[in-house]
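The values are calculated or read from the model by the stated rules, or taken from the named source; none is laboratory data. Being a predicted model, the structure only gives us computed values, none of them experimental. Cβ placement follows ideal geometry from the backbone for every residue including glycine, while neighbour counts extend to all protein chains displayed. Areas reflect the complete protein model, heavy atoms only, side chains present, ligands, DNA and RNA absent. Shrake-Rupley method; radii C 1.70, N 1.55, O 1.52, S 1.80 Å.
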Amino acid sequence: MLPEEQELVRLETEQTALEDRVSSAELELETLKVELAQFQYRYYQGPGRLYAELDDWDARIAMVEAGMHPDDVDAQFRAQAAEEQAKRSAEEAGMIEKKPPPPPEITPETKQAFRQAARLMHPDRATTDAERERRNVMMAKVNRAYEDGDLQAIEKLIVEFGQDPEAIQGDDLGARMIKAIRRIAQLRSRAEEIDKKLSETRSHELYELMVTVQQAEALGSDPIGDLVQEILRQISERKIK
């Protein structure tokens with residue numbers, strides 16, 4: 001076997017290993033997202049909605065106190081803060097509809113990057129059906145990034161397009177080696193992205209709460225049920241007040 005053939009075998013073996021690693025990491029990340037979403041729904045259906053009710057009672061009390069003392073600046077401030085907190089809690093618990101986020105700002109730099117991407121990736125520049133499809137997919141991603149006002153995403157897509165192994169024509173030894181090298185670079189980059197997202201997700205307070213609850217439940221405790229009872233007690237106190 002020629003040295004270049006041996007190198008190709010090594011590259012393709014590394015590529016296969018990276019593909020398996022990325023596939024497993026993708027599954028781990030998506031599974032974690034689902035588990036978090038399920039826990040979040042469960043939490044907001046129980047303690048979350050009760051916390052919203054508790055905050056609502058606190059806001060009512062603060063408003064009454066502010067009305068009794070119209071010249072007390074601190075009382076007015078506390079009433080406003082309590083009302084805002086009650087609204088946030090209700091939104092998080094899904095009891096009222098959140099306001100849609102404002103439309104993103106499309107900066108001149110974003111427009112310039114979009115024009116660069118369009119010139120580079122436009123499907124009309126394709127010479128084969130496969131190339132046209134590849135360009136259609138990339139331009140769809142660019143369009144979404146532009147609508148989100150995401151300059152970094154557009155710039156990243158431009159780089160990815162230039163390094164896409166599918167852009168390499170031919171099936172000879174040299175072409176296969178270049179494709180493998182580019183694919184390995186893509187996979188390494190994706191693996192780093194997934195590792196970063198997993199780390200960020202696991203450092204989120206919702207994940208920490210989920211793990212704490214799961215550990216307690218594994219030992220036979222009912223932390224969410226206990227929390228519900230405690231919040232109900234506090235709501236009763238607020239109603240009396």
Carbon-plus-sulfur fraction of the accessible area of the stretch 1-40, 1.4 Å probe, in percent?
54 percent
Between ARG188 and GLU12, what is the spin-label point distance in nm, taking each point 7 Å from the Cα along the Cα→C-beta axis?
2.1 nm
At a 1.4 Å probe radius, which order do MET210, MET63 fall into by accessible area, largest first?
MET63, MET210
On the accessible surface of the stretch 102-224, probed at 1.4 Å, how many percent belong to carbon and sulfur atoms?
50 percent
Would you tell me the accessible area of PHE161, worked out with a 1.4 angstrom probe on the heavy atoms of the protein chains, in Å² to the nearest 10?
10 Å²
Radius of gyration and maximum dimension Dmax of the stretch 127-241, Cα, Å:
25.2, 82
Three-way shape label, the chain, alpha-carbon gyration tensor, a/c 1.5:
oblate
Please give the solvent-accessible surface of ARG60 in Å², to the nearest 10, using a probe radius of 1.4 Å with every protein chain present.
120 Å²
Can you flag which of LYS87/LYS241; LYS87/LYS197; LYS141/LYS196; LYS33/LYS111; LYS156/LYS196; LYS33/LYS156 are past 27 Å Cα-Cα?
LYS87/LYS197; LYS33/LYS111
Distance between the stretch 169-222 and the stretch 130-150 - C-alpha centres, whole angstrom:
23 Å
Calculate the length of the line joining the C-alpha centroid of the stretch 41-75 to that of the stretch 6-29, in whole Å.
54 Å
Estimated distance in nm for a label pair at ARG238 and LEU29, the labels positioned 7 Å out from Cα along Cα-to-Cβ:
3.9 nm
Reported to the nearest 10 Å², MET139 has, with a 1.4 Å probe, an accessible area equal to 20 Å²
Dipole magnitude of the stretch 184-227 about its Cα centre, charges +1 at Lys/Arg Cβ and -1 at Asp/Glu Cβ only, in debye to the nearest 20?
380 debye
Per residue value of the accessible surface for the chain (all protein chains in place, 1.4 Å probe), Å²:
67 Å²
Simple SL model, points at 7 angstrom along Cα→Cβ for GLU147 and ASP164; separation in nm is 1.9 nm
